[in-house]
Amino acid sequence: MIKQVLHNFFSITLAFLVLFSTVSLTVEKHFCGDVLVDVSIFTEGEKCAMEAFEMKQAAITKKNCCKDQIDFVQGQKDLAIKNFDDLEFEQQLFLTSFAYIYINLFEGLPEQIIPHKDYSPPNLIVDLQLVNDTFLI
């Protein structure tokens, strides 16, 4: 029981490890001055209420106190994907022979003909062993 639970736990853990190591994320942060207003992962960050006012001021003073910071977390892209042609000759030979043998391993047996399948035995009127008093010991 404990072995099965540990096996399932480690399988799920390794699946999540592979998933999260290959996923890329973009984290967007919006600051008004030095104050963090919003952090978003999947959508665009929410702007502060001062954004419209700051845009007008930026046109006059060429200085904007609101800024967006984007952090990009790059996932792993170097996954080893091998083709059958990339394998050595011995490995190709082993794989083809294994596949051929494995497919032919489970061939069905020919349907056997049972000649007495529809035969019904005769009705017993008397038990001959009791009538003749012969018993097998």
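For the range 60-74, the candidate set comprises residues that are loosely packed, with under 11 Cβ neighbours inside 10 Å and in a loop (DSSP other than H, G, I, E, B); within that set, the residue that is modelled with the lowest pLDDT is 62.
Only one of 93, 79, 36 is at pLDDT 85 or above and not polar (S, T, N, Q); which? Show your work before the answer.
Details: 79 fails: at pLDDT 85 or above; 36 fails: at pLDDT 85 or above.
Every option except 93 fails the conditions.
Quick check: anything in the range 71-91 over 28 Å from the mean Cα position of the chain (by Cα) and within 30 Å of residue 32 (Cα to Cα)? The answer is yes, given that some residue of the range 71-91 is over 28 Å from the mean Cα position of the chain (by Cα) and within 30 Å of residue 32 (Cα to Cα). Restricting attention to the range 19-33, the residues being at pLDDT below 85 and in a helix (DSSP H, G or I) number 3. Close contacts from the range 75-104, counting a first residue that is in a helix (DSSP H, G or I) and a second that is loosely packed, with under 10 Cβ neighbours inside 10 Å, with Cβ to Cβ under 7 Å and a gap of 6+ residues or different chains, come to 92/84. In the range 99-122 there is at least one residue that is modelled with pLDDT of 85 or more and surrounded by 10 or more Cβ atoms within 10 Å (Cβ to Cβ).
So how many residues does the range 39-59 have that are acidic (Asp, Glu) and at pLDDT below 65? Full working, then the answer.
Going through the range 39-59, the residues acidic (Asp, Glu) turn out to be 44, 46, 51, 54.
Okay, now just the ones that are also at pLDDT below 65, so 51, 54.
Total satisfying the criteria: 2.
When the range 7-30 is filtered for residues that are more than 15 Å from residue 42 (Cβ to Cβ) and among the polar types (S, T, N, Q), the ones remaining, listed by number, are 8, 11, 13, 21, 22.
The values are calculated or read from the model by the stated rules, or taken from the named source; none is laboratory data. Remember, predicted model here, so these are calculated numbers, not experimental data. Cβ sites come from the backbone with ideal geometry, for glycine too, and all protein chains shown count toward neighbours.
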